[in-house]
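Let me begin by presenting the structure, written as structure tokens, before commenting on it.
Since every read-out is calculated from the coordinates, none of them should be taken as a lab result. Fair warning: this is a prediction, and the values are worked out from it, not measured in the lab. Note: ideal-geometry Cβ built from the backbone for every residue, glycine included; neighbour counts use all protein chains shown.
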Amino acid sequence: MKESKMRYLIIVDRKYPFGKGEAYLENEIEFLVDAFDRIMIFPTDISKKEVATRNIPYDCVSLHPLNKYNYSSNKYYYLYRTVFTNFTKKKLYSAKGFEELYTDQVVETYYKKVESVLDSITFKENDQVFLYSYWLYTPSLIIINLKKYLRARNINCVAFSRAHRFDIYEEERGKKGLPHRKKILTNIDKVFSISDDGYQYLTKKYPKFSSKMEVSKLGTIDRGISKKKKGELFHLVSVSRVTDVKRVDRIVDALSNLSKESKAKIRWTHIGDGNKFDNLTQLCKNNISDIEYNLMGEIPNVEVIDFFKNNRVDLFINVSSSEGIPVSIMEAISFGIPVVATDVGGSGEIVKQNCGVLLNKEFNTVHLVEVLTNYINMDQIEMNNKRNAARQVWIKNFSAEANYIEFVKKVNRLL
């Protein structure tokens, strides 16, 4: 009589459940625990003193953080080792550049740590191991090594990855590109792009591997809708990192112009920080001192949700120059909040004409001011129609329950 099989899920991500990154995995994990007997999470970007900031209340889930490298201080040391150790002599002649050489060494070190954990498990003949990379990048290289290791032990396994934004659009990485694209796509079993735009990019660039690619969108939990009653102040909200790519300063430009042209009472709330946060703070002091604004910095995802639940938000805005498919916009429309966003990446898959406005990537400030003015002056009936339409887009396309249940079905079909 055969022993009952165990279904293992090995997740290699960057931060979750440490720090505040990869908040979307908080939604997904609730559905994964129902499909697997044991889940092991290996975050790769964790400092030695870092502690988990999000609780995972499931007995079947174990956490195995991999201490990150200080890339700036260790890069040349690892390049030295890459060139002069016997292990990587062969790679020296096939790698395209130092970026790939360095990536090889980092991946090998991470892989060995994961392998040592898996060595402690006694896998049975009919067990199934699902290797899940959350990014089509370094974690994918780790899991294809794990796939080779497990199959050498005659363990039934499959390797798959999600793909978001920075791990899809190679041009945004400049000359560095994304290391080992063809190696990953040759050895991985399935790539799930979180957006139609990402899928189109990958299949066009790598048509040979198009059969391995499909779309599986992220989703957010239904937490109801936000307050509908319009307040005295028009409340504009943005949620993003404060970096060059996110262009939060362009929102300040528009608000500065708007304050000069309109007597409307406006409140702007921004949630998120980044390397340009101090610049943003000073920009606000210099240009929109007559507008009520609140730069909240980065807060845990649960607090972002509470903010949307407990505050009237009239309009959500995102003017990024590049996106995958923004979970922040998904959250906003789930609460029935209309959205103004740049038409980049998969944003157009969320923002529809009946519930928002898509701006050109290189929009001008005058146009954005016109869009904001239109929403500020919108009557309550039209605004409620926009809010209802936003909620319906979420229900049909970005419900976590629907999307993650379907994702699990797709993963199950791989093995």
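Observations, loosely collected:
- From the coordinates shown, P(r) over Cα pairs in 10 Å bins from 0, in percent corresponds to which of [x] 4, 15, 22, 21, 16, 11, 7, 3, 1, 0; [y] 4, 20, 29, 24, 14, 6, 1, 0; [z] 4, 21, 32, 29, 12, 2, 0: [y]
- Cross-link partners for residue 175 among the aspartates and glutamates, with Cα-Cα distance under 16 Å and sequence neighbours closer than 8 places in the same chain left out: 99, 100, 167.
- Cα centroid separation - the range 1-40 against the range 270-336, whole Å: 29
- In terms of other Cβ atoms within 10 Å, 291, 325, 376, 317 run from fewest to most in the order 376, 291, 325, 317.
- Calculated FRET value between residue 6 and residue 275, using beta carbons and R₀ = 45 Å, to 0.05: 0.55
- Ranking of 192, 363 by count of other Cβ atoms within 10 Å, fewest first: 363, 192
- In sequence order, calculated HN-Hα J values of the range 112-127 (Karplus, 6.51, -1.76, 1.60; Hz; x Gly/Pro): 4, 5, 5, 4, 5, 6, 5, 4, 7, 9, 8, 6, 8, 4, 9, 5
- Residues of the range 98-132 with amide N under 13 Å of the 7 Å Cα→Cβ point at residue 175: 98-99
- Hydrodynamic radius of the range 234-397 per Kirkwood, over alpha carbon pairs, in Å: 15.7
- For the range 234-397, the relative contact order comes to 24 percent (Cα pairs under 8 Å, sequence separation of at least 6).
- Cross-link reach list, aspartates and glutamates versus residue 48, counting only Cα pairs under 18 Å and skipping chain neighbours closer than eight places: 13
- Over 21 Å between alpha carbons, listed pairs 20/112; 217/410; 205/246; 263/309: 20/112; 205/246; 263/309
- Straight-line cross-link partners of residue 352 among the aspartates and glutamates, defined as a Cα under 17 Å from its Cα and at least 8 positions apart when in the same chain: 196, 197, 314, 323, 331, 343, 382.
- In order along the range 388-403, phi translates into HN-Hα couplings of 5, 5, 4, 4, 5, 4, 5, 4, 7, 10, 10, 6, 4, 4, 5, 6 Hz, rounded to whole numbers, per the Karplus curve 6.51 cos²θ - 1.76 cosθ + 1.60 with θ = phi - 60° and x for Gly and Pro.
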